[in-house]
Structure formats: C-alpha cells, structure tokens
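Okay, so here's the structure we're looking at.
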Amino acid sequence: MKIWKGIAGTALIAALLAGCGSGGGSGAANNETPGAGGGSASGKSVSLKMFIAQPRLKEHYDKYIDAFVAKEKADKNIDVTVQLEMPPADTAPQILKTRLASNDAPDVFAIHAVNEIPPFYKAGYLEDLSDQPFVGKLLDSVKPSVTTEDGKVVAVPLETLSWGYLYNKTIFKEQGLTPPTTLTEMKAVVEKLKQSNITPFVLSDKESWIPQLFLPLTVGATVNTETPDFIDRMNKDEGSFSELKGMFNIIDLVYANGTKNGLEVGGDDGAAMFATGKAAMWVQGPWYAETILKSNPDIDFGVAALPINDNPDATMINLSTSTSLAVSKTSKNKEVALDFINYILDDKDSSAFYQALKFNPVATVHDYSSYPWVDDAMVYVKAGKSYQDPRIPQAVKDESGKALQSYIAGQISPDDVITALDKAWKSYNKVNK
C-alpha cells in the first residue's frame, strides 16, 4: 500500500502541475462537483482510501495519483492522503464484498462493469454519478456499460476490451498459419506448431480467474449462436451447463498442448512466457499488453477469436467493459472522491494515463490511436462476429475458475464442473431474487 500526501511547496506544486494540465480548461473548473461546495473544504486534510485490483499496473496508478494529489492541493488547498490497496485479482472480489458488507467501504473502488454493477447497485453500495462532468465525455459505445437499468451512471470506465486469445504473429507468419475459424482448424494449427517443435499454448492457471476466462468465451459464443435464452433460463433455475458441455472440447485441446506446470504459473509469469516465445498462443486478453511489452518490446502479437466448435459463426470476439471505478455511497470524503473520479477523464491528463496502461480510448477527450491488437479484433467486430460480454454472475465465474483448476489437475470430471456451476448459479438466484 502506498500513501500520498499533498505538498505545500510552491515550486514543487508548479512543477507537478506543469505535467498534469492545470490550465486551458482542465483543473478546478472541470473537477469541481456540482453541489459539493466548490472550495468549501479548502485548507483541510482528507484521507482517501482506494481499492484497485491491478497490482501489475501500480507504477502508472502511483504517478496519476501523485498528480491528482498535487492538483487538489493547488486547486482547492486540500491536503489529500491516498491509501491505495491493490490485492491480486483472485482475492479482491471477496475482500471488497466483505468490506462493503461490514460498512468498511473504500471511498473509491474498482468493479467489473458488466458483472458487478447490477448486484452492487441493487445492494446500495454505489454512488449515483450521473451529474458528474466526466459523464458527458463518455463515448456513446461505452456509456451503457456503466449505466444501470434505471438510467444511472455509477462508475467511470477504465478498461474496454475486445478479446478472445492472444497469438504470436511472428510465429504464425513463419509457420504459414492464420488464426483458425473452427475447432478442427485449431487442431490443425496445433499439430503444425508441434511438428515444428513449438508449444501451442501458454498455460498459467495458478490464479483461478485465468481458467475462468473459458466461461465467458464459451457462454458468449454459444448464447449468440445456439442457445440465445440460456442466461435467462439460468436466472430462472430452468437451465443447466450440461447444455454447454461441448465447451470442454476447446478446454481439453488447450490443456493437452500447453506449457508445463500450468497450475504453478501465475499471470505475470505467463505474460513473460508468451512475450519471449515460449508458446504461440495464450487464452488471455489484451489487458496484459503492458506486461507483455515490458518483457519484450519487440513482440508482434495479435488478438483473435477463440473457436469453440466447428461452427465458424460461433468464432466471435468478446466485447466488454471490465475494470471501472465507483464511489462508495457511504464515503465520508465524497467531494474529494468525486474530484478523483472526474480526474480519471481529465481533458489534458487522461490520454497519457490510459495510453500508459494500454487501455482503449473511452472518452471524447482521448486523443491517442488504438493499438494494433485492437485493430485485429475490430476486423471480427466489423464482420458482425462479436458479442457483448455475457452477464454471468460473478459468483459463478469465481466457481468456474476453482472448478476448472480442479479439472485441469485431474481431480474432478466435466460432469462435476457442470454440477458446481449449476449449483453456484442457483445459490446466486436464491440470494438475489
């Protein structure tokens, strides 16, 4: 955990502000909250708690928070102390739920827009941000993902994603390969790579959220081709994952043709393995781009849709808004928390922040180009081969990760996985009816 404090030294503040856009329309004019009293908090000290489960990106958050602290001191004469907690993704959901349920909520916390906004909003944890300045900057394609069913904007989006799996373009080109469009074609790609003594897949399943990725990929593709009412029926206790048992075909292919000891390898090590050519593909999203490029700045990698069966129409890209920042409804430091939320989409500073994180543009003020792997995914999107990330309860996703780890280890069968997923969804329904 790192703690930042506002510094009163005029020369240092001026130097910091030169890099965080205090003039030309940004700054206090854009960050003040309607009804918050403007500079009414002037001269006081505020301790702000933040909870963001992206420890691999810590240095970028550190730098941006430093700039915010300096800006808040200069614009409002508020000394801000920020306590940033960055737990690993595996443990973060339970930690956050415990905090929220025990009235120990962070002032600002990260949630998954698609999976967590509905239940968190229903539970009364999320501040309504609809009247905040950042809302008017959101792209029309992004705004719905952070908007509740009754029209309230309750988070500022950080990550918008276009994903399936990552592949090493250099290896594919050298082997005369193109991304497969069916499961049979993927099997042929795997065999071609093995014949050339190239390991097909990176396996990095120490963290349960990584094998969990197969769930939205297989459910999303199936729901958009063969079983359009699957999620609706699961929400009514009328469906079963036995309908999607075919998902084990791609799962089995990957785990039979991957790097060794996958259950002992975490995400960061998996990124390094992929970056250095230890395998040609990784069932993972471009949210690891920054880590991959740090290991190998020269790697040429792309994003492709993962085939789950032999229907090429089901080989689709998953479109999602994931990590988003919300403000606790019970925050005692709401003015400063809202200032920070608005600073996330600051007119001058946010482009460099999002670009450093390797996140896609989400606002009209973002003035940088998308990345090559985004362009790869957009080929599928423009061809009509994409879907919005399916609304699977987070509890079911969490269970899928643990169950698939056990399956990979040979401890349980496909039927056991299906039983566990069905049970998790029914348990979720009982609590959320």
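The values are calculated or read from the model by the stated rules, or taken from the named source; none is laboratory data. For clarity, every value in this text was computed on a predicted model and none was experimentally measured. Note that we place each Cβ from the backbone using ideal geometry, even for glycine, and neighbour counts take in every protein chain shown. Areas reflect the complete protein model, heavy atoms only, side chains present, ligands, DNA and RNA absent. Shrake-Rupley method; radii C 1.70, N 1.55, O 1.52, S 1.80 Å.
Numbers at a glance
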| item | result |
| --- | --- |
| Filtered residue count, the stretch 251-284, keeping only those that are of a type in the set (S, T, N, Q) and farther than 23 Å from T182 by Cβ | 3 |
| Residue within the stretch 246-255 that is of a type in the set (D, E) and closer than 29 Å to S196 by Cβ present | yes |
| Members of the stretch 196-230 found to be charged (D, E, K, R) and open to solvent by 20 Å² or more (accessible area, probe 1.4 Å), listed by number | K206, E207, E226, D229 |
| 1 or more residues under 22 Å from D313 (Cα atoms): qualifying helices (runs of 4 or more DSSP H) within the stretch 211-278 | 214-223, 230-235, 247-255 |
| Exclusive hit being in contact with a His (Cβ under 9 Å, 6 or more places away or on another chain) and not hydroxyl-bearing (S, T, Y), set F353, F340 | F353 |
| Any hit, the stretch 375-388, residues being at positive phi and out of contact with any Lys or Arg (no Cβ under 7 Å at 6 or more places or on another chain) | yes |
| Answer from K245, K278 - the residue that is within 30 Å of K433 (Cβ to Cβ), in contact (Cβ under 8 Å) with a residue 40 or more places away in the chain and in the same structural domain as A420 (by the TED database) | K245 |
| Residues that are surrounded by fewer than 20 Cβ atoms within 10 Å (Cβ to Cβ) and not hydroxyl-bearing (S, T, Y), drawn from the stretch 231-247 | I231, D232, R233, N235, K236, D237, E238, G239, E243, K245, G246 |
| So A67, is it farther than 25 Å from T330 by Cα, aliphatic (A, V, I, L, M) and either in contact with a helix residue (DSSP H, G or I) (Cβ under 7 Å, 6 or more places away or on another chain) or assigned to a loop (DSSP other than H, G, I, E, B) (or both) | yes |
| Residue in the stretch 47-62 that is assigned to a strand (DSSP E or B), of a type in the set (A, V, I, L, M, F, W, C) and over 20 Å from T321 (Cβ atoms) present | yes |
| Residues being open to solvent by less than 60 Å² (accessible area, probe 1.4 Å) and free of Cβ contacts under 8 Å to residues at least 40 places away in the same chain - total across the stretch 57-76 | 1 |
| Of all residues making up the stretch 337-365, the number that are open to solvent by less than 30 Å² (accessible area, probe 1.4 Å), in contact (Cβ under 8 Å) with a residue 40 or more places away in the chain, of a type in the set (S, T, N, Q) and out of contact with any strand residue (DSSP E or B) (no Cβ under 6 Å at 6 or more places or on another chain) | 1 |
